[in-house]
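Have a look at the structure below before the remarks.
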Number of protein chains: 2
Amino acid sequence: MDAIIITIGDEILSGATIDTNAAYIAKALFAIGIDVRKRSSVGDIREDMLREIKLALEEYDLVVVTGGLGPTDDDITKEVICEAFNTRLVKHEETLETLKMRYKQLGMTMSDIAIGLSLQPEGAHLLINPLGTAPGIVFERNDTIFCSLPGVPSEMQALVDSGLIPFLRERETGKVILFRDISTFGMPESKLAARLLDAGYKPDGIRLAFLPSYSGILIRLRAEGEDEKKVRAILDQNVSRISEIVSEFVFSTDSESLAEKVASLLKEKRATVSVAESCTGGMVAKLLTDTPGSSKYFTQGIVAYANEAKIDRLGVDPRTIKKYGAVSEEVCREMAEGIRHISGTDYGLALTGIAGPGGGTDEKPVGIVYLGIADGEGVSVTKRSFSGDRDVIRTRSAYTLLNLLRKRILKL
Amino acid sequence: MDAIIITIGDEILSGATIDTNAAYIAKALFAIGIDVRKRSSVGDIREDMLREIKLALEEYDLVVVTGGLGPTDDDITKEVICEAFNTRLVKHEETLETLKMRYKQLGMTMSDIAIGLSLQPEGAHLLINPLGTAPGIVFERNDTIFCSLPGVPSEMQALVDSGLIPFLRERETGKVILFRDISTFGMPESKLAARLLDAGYKPDGIRLAFLPSYSGILIRLRAEGEDEKKVRAILDQNVSRISEIVSEFVFSTDSESLAEKVASLLKEKRATVSVAESCTGGMVAKLLTDTPGSSKYFTQGIVAYANEAKIDRLGVDPRTIKKYGAVSEEVCREMAEGIRHISGTDYGLALTGIAGPGGGTDEKPVGIVYLGIADGEGVSVTKRSFSGDRDVIRTRSAYTLLNLLRKRILKL
């Protein structure tokens, strides 16, 4: 079953909005073995929308359209759908009732715009929207399934999970497509690939993709076939072979993020952590509290941005700052010891650096970062230098510190 | 000049990677008046890539392809380009030299894979990659310009800014397309739209799009024409009319983010701020330090996750926690007063809530948040309730506190 995802909206074309909806839909479809062959986006221009939808209906078995179902001016999708399926908009009583109810709950009076929402294409099968007012619209023509979903991410996601996927499951696809991810950190894509090549590894019955991000590089394995057991076996073989070759950079083969991995390690060891950060301004603490139940291992963080904060909150010696500067191994060391001391946690993390764009010197250029970890055995400080803009430098610094903590916990 | 952006890679189709490259390219093209009519993505399947590129070459004046130029297995774009333009790969000495240099700088020895990077389509005009090894590839056929860029975001961006855009500028497009954004916070899309409608506003010579996100709703105005002055005038008229109607929700008409707006206000007033946050785990501090030069107004933040941290760091009275609970107006008040006191800043922000998924009760369900601001005139605490998952609740809470600070500074 070949699928295409079409997202509609000037905001996506103009780049004002990053298209996360298509990614969500793609993941959900892949999970039930439906192959997304193409994604496309067009603006709120009637002719472009119609042309794209008609083209898709001819060439794909499943067409999922998202965006343009909200109550705003640029929403002409419903009309275009009517044109594509040669039907018309009629008042849909159920939708109208849902709308009335929802507005009542919100204590809002219904505007003309809202009432317009209850108009739906005649002959469509509607998927109920548990979070919003615009339902999903489904048409089946010949062997093609068409589904249009609202663009608001939360509503779109709810409709995919509770509406589209169950609807599609009924039509079993037979083919099994499975993925496995090998999560790595600390080695660039090209070097990972070279390593595999040099070790004589060749993808065996799978497709391989390297997915780089600032939180590491994901090695994604994809295999398909009729027999799920066989497909899993093929993936397992390749996963263990690859993990073996680049072992020192692999932190998970269970699709855990670096933050999740660190969280589960801390819970496992019943260890606690606190963090003192400067240039990352709270990013490390944020990452450590991303996962539910983080209060089990995270107690507090100090964003010691000004020198006074480093001195007053963490007990950093003013003379150390004066002698070595706030961005130095020595200050990082005292920050790590300080936060561990005041919070009484097993691990005390510290990060100080120059995120830029200003503040760099020849001796300490923008991108230089000191990463410290204090525990019962002492303090270790690592110096790193990152390139990129302020956000990139901050993000890479934060993740690198997490990875250092992971290694420290595992005594690697 | 009608453009299409094609992004290539299984990772985009599968949803493993969010396609931020296309958004960046779209913005850059819009800025020089080139209209992106369509975006599409295909996987690393030769036939799909070739089909999509050939189709695009027939129908658009500018075809920008990104992804699939890195040194990994799934990179067959160059070969597909050769097929589309009916040419072949030849060793490109300049690229080879750049590669050798770069590898030398990195102290790396060149692998066979790296050497493969120096193969480029014969007859192509190459754009030098200032950050990486893979150049941009440009072909001109008939009236169509084709450009292929590497998929690594930083390199792609550098090539767009230093290569593609200057290259396109040479071919003036004549038509002027301009945008203006009205940034709002605190009112849903449908209500904003209803407001405008009720006030009798109709878009006049512009196209309007509502771009919702957790940091507010952007009202994007788009106008085009031959005469830049006239286009600007039309935008100005519409901007002031709209801003008038929904004034109390508008925080910027200069494309400032909420964080940037707050930052510039604080600098303007020479005011300082500190923050004490619980469930957001550092997000507010992170937002306040996103903008360069934030040390001018931000001194420190405390992520007081555990009750002990609230007591030890911020001087919250244990009895207050015992009596009202850590998530309460009273504790939020003491957190705000506490952080302002210890940091000596003009404003002290505080945030405590239940981000979930666990920890909710009938009395205090998941999503309940208390937002506090302390200044010379006292403390004000606002209670809000947000729906969504953990990340959504945390993000909305953090931005809502920023918006409250903005209003407090402006005495709104």
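The values are calculated or read from the model by the stated rules, or taken from the named source; none is laboratory data. Here the structure is a predicted model, which means the values were calculated and not measured. Neighbour counts are summed over all protein chains in view; Cβ atoms, including those assigned to glycine, are modelled from backbone coordinates with ideal geometry.
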I need the full set of residues from region B:1-28 which are in contact (Cβ under 8 Å) with a residue 60 or more places away in the chain and either at the interface with chain A (Cβ under 7 Å from one of its Cβ atoms) or not in a strand (DSSP E or B) (or both), in order please.
B:M1, B:G9, B:D10, B:T20, B:N21, B:Y24, B:I25, B:A28
Going by the conditions given, is B:G186 over 18 Å from the mean Cα position of the chain (by Cα) and modelled with pLDDT of 90 or more?
yes
Flag for B:I145 being closer than 19 Å to B:E244 by Cβ, of a type in the set (V, I, T) and away from chain A (no Cβ under 12 Å):
no
All positions within region A:297-329 that are over 13 Å from A:A276 (Cβ atoms), in a loop (DSSP other than H, G, I, E, B) and touching a residue at least 40 places away in the same chain (Cβ under 8 Å):
A:V327, A:S328
Of the numbered conditions (1) at negative phi; (2) outside any helix (DSSP H, G or I); (3) under 31 Å from the mean Cα position of the chain (by Cα); (4) away from chain B (no Cβ under 14 Å), A:C332 satisfies every one except a single condition; which is it?
(2)
Region A:180-295: helices (runs of 4 or more DSSP H) wholly inside it with 3 or more residues that are within 10 Å of chain B (Cβ to nearest Cβ) and closer than 30 Å to B:P292 by Cα are A:283-288
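A quick yes/no check of all residues on (1) in the same structural domain as A:I18 (by TED's automatic domain parsing); (2) of a type outside the set (G, A, S); (3) assigned to a strand (DSSP E or B):
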position: A:G123; (1), (2), (3): yes, no, no
position: A:L126; (1), (2), (3): yes, yes, yes
position: A:S148; (1), (2), (3): yes, no, yes
position: A:S162; (1), (2), (3): yes, no, no
Can you say whether A:K267 is over 20 Å from A:L371 (Cα atoms) and surrounded by fewer than 24 Cβ atoms within 10 Å (Cβ to Cβ), as far as the supplied structure shows?
yes
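Residue-by-condition table, conditions (1) more than 22 Å from the chain's Cα centre (by Cα); (2) touching a residue at least 12 places away in the same chain (Cβ under 8 Å):
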position: B:A209; (1), (2): no, yes
position: B:S213; (1), (2): no, no
position: B:G216; (1), (2): no, yes
position: B:R232; (1), (2): yes, yes
position: B:S257; (1), (2): no, yes
position: B:V284; (1), (2): no, yes
position: B:P292; (1), (2): no, no
position: B:S295; (1), (2): yes, no
Answer with yes or no whether A:G325 is outside the structural domain of A:R195 (by TED's automatic domain parsing) and on the phi > 0 side of the Ramachandran plot.
yes
Looking at (1) within 22 Å of A:S257 (Cβ to Cβ); (2) in contact with a helix residue (DSSP H, G or I) (Cβ under 8 Å, 6 or more places away or on another chain); (3) small (G, A, S), find the lone condition where A:A326 falls short.
(1)
For B:T361, state whether it is of a type in the set (S, T, N, Q), over 15 Å from A:S295 (Cβ atoms) and surrounded by fewer than 21 Cβ atoms within 10 Å (Cβ to Cβ).
yes
Selection from region B:364-388 of residues that are within 14 Å of chain A (Cβ to nearest Cβ) and crowded, with 24+ Cβ neighbours inside 10 Å:
none
Which of the residues spanning region A:104-142 are among the β-branched types (V, I, T), farther than 25 Å from A:L168 by Cα and modelled with pLDDT of 70 or more?
A:I115
Might you let me know whether region A:351-361 holds any residue that is in a strand (DSSP E or B) and hydrophobic (A, V, I, L, M, F, W, C)?
yes
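Conditions tested, residue by residue: (1) modelled with pLDDT under 95; (2) in contact with an Asp or Glu (Cβ under 9 Å, 6 or more places away or on another chain); (3) over 26 Å from B:G293 (Cβ atoms).
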site: A:K323; (1), (2), (3): no, yes, no
site: A:D346; (1), (2), (3): no, yes, yes
site: A:T352; (1), (2), (3): no, yes, no
site: A:P357; (1), (2), (3): yes, yes, no
site: A:L371; (1), (2), (3): no, no, no
Are there any pairs with C-beta distances below 7 angstrom linking a residue in region B:339-368 that is closer than 16 Å to B:S397 by Cα to a residue that is among the aromatic types (F, W, Y) and buried (at least 23 other Cβ atoms within 10 Å of the Cβ), with the two at least 6 apart or on different chains, and if so which?
B:T352/B:Y370; B:G353/B:Y370
From A:G338, A:G293, grab the single residue that is among the small types (G, A, S) and surrounded by fewer than 19 Cβ atoms within 10 Å (Cβ to Cβ).
A:G293
